Amino acid sequence: MDEAKRLVELIPRLRRYARALVGERASADDLVQDTLERAWAKLHLYRRGTDLRAWLFTVMHNVHVNRVRATRTSDPLEDEMPELAQPGTQPDALLVRDLDRAIARLPADQRAVLLLVTLEEMSYEEVARTLGIPIGTVMSRLSRAREKLRAMMLGQSPSTKLKLVK
Amino acid sequence: MSESAISEADLQAYADGRLPEGRRAAVEAWLAARPEEAERVAAYRRLAHEVRAAYEAMLSEPVPPRLAHAAAPRAPWRRIAIAAAWVALGIAIGAPAGWQLRPERTVTQVVPDSSVIARRAAIAHATYSPEVRHPVEVGADDEAHLVAWLSKRLGVKLRAPKLDEAGMSLVGGRLLPGDNGPVAQFMYQSQNGRRLTLYVRTEASRNRETAFRYARENNVGVFYWIDREVGYALASADLSKDELLRLANLVYKRLEP
């Protein structure tokens, strides 16, 4: 079955997005698992030939929204810092940590838009479809998310090099 | 939009490198006269790059077994097996109201709910124990994770009792929906393929203990008991009542703090 193979291929991307979205590894994998279960249950709703990735991210978005609603956990991150895999290729662990923390502090709506655009490199139209919001909302959330992120990174990370101008 | 009016959306699209060439040149000209805006947009670009770099390692991580399992194709007969189990047990789960009308429950009320757990456990057993490919969600090879995960979802510290001395080894477990929240099911199997499931749920009223009770639901024998905040039901369609009682005693012993 074609979808099954694609589903497996997409797991790393789902995990990456989930990890950045929920800020913690185990809950991120819980989210991915729930998403896969739901995707199987709803696979008959997927239209063959359309973008399976976009469909899966839509499923994940819905699962995530329902989970957040059910548990009423807003953004759990305070001082606790989640572990992020950091092989030697990553130049600046402090920067990574600060970024992760700053992203976790973005409002959930804005965080989703920022991550789909930046991490998944979805087109703005795809983001609008995935999240079920108008494209104008995508642009305004993206703009606000970036400005907040920039401000946070300027304010709290001595290791960033944001003063640099080319 | 006129050529000269540069919107915030243009700046975002510019930062993402998604503007068509003509528009890009217009934005660049606009930014050239506004160093502060240019600095802001440059920062967005750097941040985008850094965000990608921060999470990139996750793409090359091996997929955890439980996720690979969740992505694996479902056998179509799994659904049929579930349907068959419902029919065989003559259950309408959506009928708790009718259930309440049963005289022995409304009159005696010795231990409210306690027969329900047996029934639920029997259904869950009949549903999952015939599974060949997907008897569990998380296998025993990942036992620490399995127990931690189910404990987290149920909100109590669970254990998967070791029953090897009785010839039953842990296959794994799964999470099930229950009447009052998530339920855990651990599955065991003997060398000759006989299966046993332990159904574990949290109980609303705490600090209550009951003796072992036995129920038979269709072909599934169930021993069940409540120990403080947790209700247990040990179910099998493959074992005699005596064998099941022996295992229930062993489970109880293993679960002692």
Ordered by residue, what ³J(HN,Hα) values in Hz, to whole numbers, does the range B:220-229 give under the Karplus form 6.51 cos²θ - 1.76 cosθ + 1.60, where θ = phi - 60° and Gly and Pro are x?
-> 9, x, 9, 9, 9, 7, 10, 10, 6, 8
Using a Förster distance of 25 Å, the FRET efficiency for A:Arg6-A:Ile133 (Cβ separation, nearest 0.05) | 0.45
Shielding score for B:38-51, defined as the mean number of other chain Cβ atoms within 10 Å | 6
Calculated FRET efficiency, A:Asp51 and B:Arg133, Cβ-Cβ r, R0 35 Å, to nearest 0.05?
-> 0.75
Average partner coverage of B:12-21, which counts Cβ from other chains inside 10 Å | 3
Under 5 Å between amide H atoms, partner at least 5 residues away or on a different chain: which partners does B:Val183 have, H built in plane at 1.01 Å?
-> B:Leu176, B:Gly178
Could you grab the relative contact order for the range B:115-207? Cα pairs under 8 Å, six or more apart, rounded to a whole percent.
-> 24 percent
Over 14 Å [Cα-Cα, the range A:91-159], rounded percent = 58 percent
If each Cα of the range A:1-74 is one equal point scatterer, what is log10 of I(q)/I(0) from the Debye formula at q = 0.19 Å⁻¹?
-> -0.74
How well do other chains shield peptide A:8-17, expressed as the mean number of their Cβ atoms within 10 Å of each residue Cβ?
-> 5
How big is the C-alpha Rg of the range B:108-206 next to the rule-of-thumb value 2.2 N^0.38 Å, as a ratio?
-> 1.09
Virtual spin-label span in nm between B:Ala57 and B:Ala204, 7 Å along Cα→Cβ | 4.7 nm
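None of the figures in this text is laboratory data; all of them are computed from the coordinates on show. Small disclaimer: the values here were computed from a predicted structure and weren't measured. All Cβ positions, glycine included, derive from the backbone under ideal geometry; neighbour counts span all protein chains shown.
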